[in-house]
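The structure appears below as structure tokens.
The values are calculated or read from the model by the stated rules, or taken from the named source; none is laboratory data. All figures in this text were calculated on a predicted structure; none of them were measured in a lab. Reconstructed Cβ throughout: ideal geometry from the backbone, glycine too, with neighbour counts over all protein chains shown.
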Amino acid sequence: MKKALITGITGQDGSYLADLLLDKGYKVYGLKRRTATPNFENIKHIQNEIEFFSGDLRDMTSLAEAVQAIQPDEVYNLAAQSFVGDSWRQPIYTSEVTGLGVTNMLESIRLSKPDARFYQASSSEMFGKVIETPQTENTPFYPRSPYGVAKVYGHWITVNYRESYGMYACSGILFNHESPRRGIEFVTRKVSDSVAKIKLGLQDKLLLGNLDAKRDWGFAGDYVKAMWLMLQQEEPDDYVIATGETHTVKELIEIAFEHVGLNWQDYVVQDARFMRPAEVDILLGDPTKAKKQLNWEPQVNFEQLVKMMVENDLQKYQ
């Protein structure tokens, strides 16, 4: 039986990945930070099938102990301080967790289980002020936030461990991916949650910033499959994971409101407080390499994704 260690297992991606690996017969271990109130919302349906280890990406001793005890075949590093906005308010914390945390994890693997296969969660935010569109594995990085900068560090340190120590280490450069398990801070979930509340009479307006912002949005459940596929190849490599198409925030709200039979113009208010001072230019990924080499295809399209999220929030409030 294969063993996998997942950091960030209680998050959106970690929980979908745990589902996938359990389905494939893996023994799944989760690294969990010590918190006063544990948040198991995303994994409560599989909580009893996962073995947890206490640890923190900033504390290499805890990581080394976990790797030593588990002796995992695969390690998926999905934990991070992942909110772009918060990375400006907490730039040092973000650098330590999202950046240096990757080195701590790689070093723990190198010392305790050097043949383990390692996946690093890289991000389209590394492209930031984009040099070209669409973005591929060879597009130069130009991050526009402490989060983006920390992710670039994590990405390059992974490449360096692969090339210097011959470790099987991959990075997946994932573009925006959403689901009913998405945090409420993100615009897709804010929209689906608000639409459900408005439909049920629990809220009367939805305040949003730039309705013309374009993003390449996919379904998180599809994207974790790509992570797994990366670690099943003969040689480690880096891949852009994206849908290859963009949609505006306006399209997002049109689909969401239409799904519940309402006209979005009656409820959406643009609010200057939600406008970004420096909007990231269009992020549009080119997943050609992943489709060709990994045989990966997204299964859920944008419209299905939005409706799935709205349905989930409707059921929650009903």
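Details
- Evaluating Ser124 against the criteria (1) touching a Gly at 6+ places or on another chain (Cβ under 8 Å); (2) under 29 Å from Lys2 (Cα atoms) leaves one unmet condition, (2).
- Considering residues of region 38-58 that are β-branched (Val, Ile, Thr) and more than 19 Å from the chain's Cα centre (by Cα) only, the residue nearest to Lys27 (Cα to Cα): Ile50
Matching residues to (1) touching a Pro at 6+ places or on another chain (Cβ under 8 Å); (2) part of a helix (DSSP H, G or I); (3) at pLDDT below 95; (4) buried (at least 19 other Cβ atoms within 10 Å of the Cβ):
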site: Leu202; (1), (2), (3), (4): no, no, no, no
site: Asp212; (1), (2), (3), (4): no, no, yes, no
site: Glu234; (1), (2), (3), (4): no, no, no, no
site: Asp237; (1), (2), (3), (4): no, no, no, no
site: Gly244; (1), (2), (3), (4): yes, no, no, no
site: Ile253; (1), (2), (3), (4): no, yes, no, yes
site: Ala256; (1), (2), (3), (4): no, yes, no, yes
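- Members of region 124-154 that are under 18 Å from Asn77 (Cβ atoms) and surrounded by fewer than 22 Cβ atoms within 10 Å (Cβ to Cβ): Val149, Val152, Tyr153
- Residue match in region 30-47 (condition: modelled with pLDDT of 95 or more and of a type in the set (Phe, Trp, Tyr)): no
- Restricting region 80-101 to residues that are touching a Lys or Arg at 6+ places or on another chain (Cβ under 9 Å) and modelled with pLDDT of 95 or more, the residue that is farthest from Ala66 (Cα to Cα): Tyr93
- All told, Leu305 falls short of being assigned to a loop (DSSP other than H, G, I, E, B) and either aromatic (Phe, Trp, Tyr) or out of contact with any helix residue (DSSP H, G or I) (no Cβ under 6 Å at 6 or more places or on another chain) (or both).
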